[in-house]
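Notes follow once the structure below has been shown.
The values are calculated or read from the model by the stated rules, or taken from the named source; none is laboratory data. Owing to the predicted nature of the structure, the values given are computational and were not obtained by experimental measurement. A quick note on method: Cβ atoms are made from the backbone with ideal geometry, for glycine too, and the neighbour counts reach across all protein chains shown.
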Amino acid sequence: MPPHKGQGFMALALFLCHLLHNSSSGGEILMGFNEKRLKLIADSMNPRIKVCRDFYSFACDKWQGDEHIKTLEEKVQNTTAQVLETLHSVSEPKFLRELNNYYVSYTAVEDPQPLEYLKWMRAYEDIEWSLMEGNTSKAAEQTEKTKNWKWKIEWIELLARLRKFGFNDIFFREMVRQSKVNPSRGAIELKMPPLSYLYDFEQQVFVLDDLVNEDTVETLAYFQGNLSTFTMNLVKAEEGDDFNYLYQNIKPFTETASKLIALKDLHMPWLTRYLQTLLNSFVDPQMQLYVQSVKYLHRIYSFLSEYDNDLLCDYIQMKFLIYLMKYDRIHLQPDSVRNIRENFPLILQWLHGSLHPEVKEDIPVIQQLFANLKLKFHQNIKENSAQLPAATVDHMLKKLDSLQLVIFDKSTQEVELYYQHLHFLASEYYGNRLRLNRFKFNIHHSTLTNTYRRDSLQYLDSRTPVGEGDKKWYPYHLPFLYPQLNIVYMPLTLLQEPFYKNGMDETLIYSSLGYFLAHEITKAFDSRHIHIDANGVYKDLMSVVKADSEEDDFEKTPVVDDLAGLKLAYNTFATHHSKLLSQTVLLRNVAYTKEKVFFLHYAQLFCSPLCGYHPMADFYSYDACARVNTPTKHSETFRRVFGCPSLSTEEKEVFALWPSQDGEK
């Protein structure tokens, strides 16, 4: 007999209470959280290293164990693993039943087979495949029927239909971004693809094992070689001097700005057909699209038109399977938990709130912290030490006033409504994965016709702001700026050790959570985002920060954001808790003021056994060591607190959020 509607959820509630009880540590009784943090700072330090020369090593040289962000991730993973084992007994809410079905189907398949995806698509999407019907498979019988088999679909239609299942970045990249002129609605953007998809085809097809026959591999490898040469030349012509820098494994996507243009003005019937298939509806010729390069679209289609439809469909088919199989090789228990975490982050945030109902009491505390940071930044803008134009200052103040902190605090009903159209079968892993991809596609494209509040789950489910490219590397638990929504989103899971605990010393709060929030606040006003106004509309402002080149801007922006965030966090702390600054604590039997503790605790955010592999190392040229040393090296406050030589005017300006505009400073 199935459980009563409320019984299943009660079973989960009882388990969560049991889990919460078991997670309590007796160590907290022996040593308070603040004392533990100070001991960790002391144990990690190496006072023999000169603090002004290498602050990272001074603060982290004796660090042992995992990075803080990795410790948090493992805590979430472990809790998730335990919860997943209980979901079979849960009947409500529905999204947990669906999550259980997905989890069961994932764990039931140890060694995924690519052909199973095509079988599901054949059954549910009525697409016939050459790997199943023709002679491109190694296992295909060389009969008259297989030799003469032809695709029954045009390549442009196949491309559009597979895009609905997550497949992208072949020939061009299709995505939905917030409109620059009407941010409450989405708009389709067409961009040049990342060139990584054009690398060695024979190496890429390796993930399909021995599925494809050698003749087909050779033919498609030759085609991709021609496509690669042609595309490289096209993109190079568009990018000019920045091409070599952008595509030497440094930056996956071009930043060339897209322009708004009506579909009818493109004179591309093939694109109209693609969009009609993609959206499964008539497309208005007046539809506004963001297009990065009209010339690129014309020329790439002209190039593809020279090839046989069967060859193009074969190529799209293989690339679709390569896309699906790239991260779907062997299913182990850790993989299943990671897969759930990455694909259902909102459910895990909801679970954390259910497991820790006391966290709701911390939300007003964090909101006040955010308000304090905004107030201090408001004062900084009004002071206008960079001598910005009055119109720019007014623009910035209005934007800051509108900036909101969104902490995940959604009800069960809201999460239930969001996932209402998501259905999984416990016996159908391949179909479940494709259904999930289609669900994500539909959510992203729903902004083309629907309007959502800026704190809606439709936005928060994506760690990447619409139109911002691929940022999956960014640690999920950290606060994150959505520029056109003008919000900073903070997952609930951050409100736990090692980053936060109720009663945490203000010095420690401002140098961890305070820094993370300040980083996102100031980021909204850096060279890449300052042109977006309070309503998410792009404005033509006088350039406040002008990079010498794309390369210069790309390398400087992360440092600018780190330094500005650190400065704002410290200044806010000093303003609201000035009495704490001169208080001292003993670290290794040496008295350190809490001013110094602020910077030492900041450094601990990035302490790692190998700083180049820290999860918060944004770029290979800006590792965890640099994320501590570079901002502190250019921080006037840090240098004063630790008695380092003062900065020159040039050193102050190089990573300033807003360099002085008078030409003399």
*Lone qualifier among LYS251, LYS259, LYS264 - being exposed (fewer than 14 other Cβ atoms within 10 Å of the Cβ) and at pLDDT below 95*: LYS259
*So LEU541 clears everything in (1) closer than 30 Å to SER184 by Cβ; (2) in contact with an Asp or Glu (Cβ under 7 Å, 6 or more places away or on another chain); (3) modelled with pLDDT under 90; (4) among the hydrophobic types (A, V, I, L, M, F, W, C) except one condition, right? Which one?*
(2)
_Residues (more than 28 Å from TRP129 (Cα to Cα), touching a residue at least 24 places away in the same chain (Cβ under 8 Å) and of a type outside the set (A, V, I, L, M)) located in the stretch 277-297_ = GLN286, GLN288, TYR290, GLN292, SER293, LYS295, TYR296
*Please find, among PRO345, PRO364, PRO357, the residue that is surrounded by 18 or more Cβ atoms within 10 Å (Cβ to Cβ), out of contact with any helix residue (DSSP H, G or I) (no Cβ under 6 Å at 6 or more places or on another chain) and of a type outside the set (Gly, Ala, Ser).*
PRO345
*asked:* One residue is enough: does the stretch 638-651 have a residue meeting the conditions touching a residue at least 40 places away in the same chain (Cβ under 8 Å), in a helix (DSSP H, G or I), out of contact with any Cys (no Cβ under 7 Å at 6 or more places or on another chain) and of a type in the set (Asp, Glu)?
replied: no
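Yes/no matrix, rows are residues, columns are (1) of a type in the set (A, V, I, L, M, F, W, C); (2) assigned by the TED database to the domain that holds ALA524; (3) surrounded by fewer than 13 Cβ atoms within 10 Å (Cβ to Cβ):
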| site | (1), (2), (3) |
| --- | --- |
| ALA564 | yes, yes, no |
| ASN571 | no, yes, no |
| ASN589 | no, yes, yes |
| PHE598 | yes, yes, no |
| VAL628 | yes, yes, no |
| PRO631 | no, yes, no |
| SER646 | no, yes, yes |
_Scan of the stretch 109-147 for residues that are in a loop (DSSP other than H, G, I, E, B) and either in the same structural domain as TYR307 (by the TED database) or hydroxyl-bearing (Ser, Thr, Tyr) (or both), ordered by number_ = THR136, THR143
*If a residue has to be free of Cβ contacts under 8 Å to residues at least 60 places away in the same chain, surrounded by fewer than 18 Cβ atoms within 10 Å (Cβ to Cβ) and more than 30 Å from the chain's Cα centre (by Cα) to count, how many in the stretch 91-127 make the cut?*
4
_Pair list, Cβ under 7 Å, 6 or more apart: the stretch 148-173 residue of a type in the set (Val, Ile, Thr), other residue surrounded by fewer than 17 Cβ atoms within 10 Å (Cβ to Cβ)_ = ILE156/TRP270; ILE156/ARG273
*Working only within the stretch 353-379, note down all residues that are touching a residue at least 40 places away in the same chain (Cβ under 8 Å), over 25 Å from LYS523 (Cα atoms) and more than 26 Å from the chain's Cα centre (by Cα).*
GLU358, GLU361
_Number of positions in the stretch 622-637 that are touching a residue at least 60 places away in the same chain (Cβ under 8 Å) and part of a loop (DSSP other than H, G, I, E, B)_ = 2
_ASN148 surrounded by 16 or more Cβ atoms within 10 Å (Cβ to Cβ) and over 25 Å from ASN450 (Cα atoms)_ = no
*How many residues, within the stretch 307-327, are within 21 Å of ASP215 (Cβ to Cβ), surrounded by fewer than 21 Cβ atoms within 10 Å (Cβ to Cβ) and either hydroxyl-bearing (Ser, Thr, Tyr) or without any contact (Cβ under 8 Å) to a residue 60 or more places away in the chain (or both)?*
2
*Kindly provide the set of residues from the stretch 120-134 that are under 20 Å from ASP210 (Cβ atoms) and out of contact with any Phe, Trp or Tyr (no Cβ under 7 Å at 6 or more places or on another chain), ordered by number.*
TRP129, LEU131, MET132
*Of these, LEU400, LEU422, which one is of a type in the set (A, V, I, L, M) and closer than 30 Å to ALA123 by Cα?*
LEU422
*Residue that is under 16 Å from VAL488 (Cα atoms) and either surrounded by fewer than 18 Cβ atoms within 10 Å (Cβ to Cβ) or of a type outside the set (Phe, Trp, Tyr) (or both), where the choices are LEU403, LEU417, LEU434*: LEU403
*asked:* Can you name every one of the helices (runs of 4 or more DSSP H) wholly within the stretch 377-464 that holds 1 or more residues which are farther than 30 Å from LEU162 by Cβ and out of contact with any helix residue (DSSP H, G or I) (no Cβ under 7 Å at 6 or more places or on another chain)?
replied: 390-402, 412-418
*Is one or more of the residues making up the stretch 612-621 surrounded by fewer than 19 Cβ atoms within 10 Å (Cβ to Cβ) and more than 22 Å from the chain's Cα centre (by Cα)?*
no
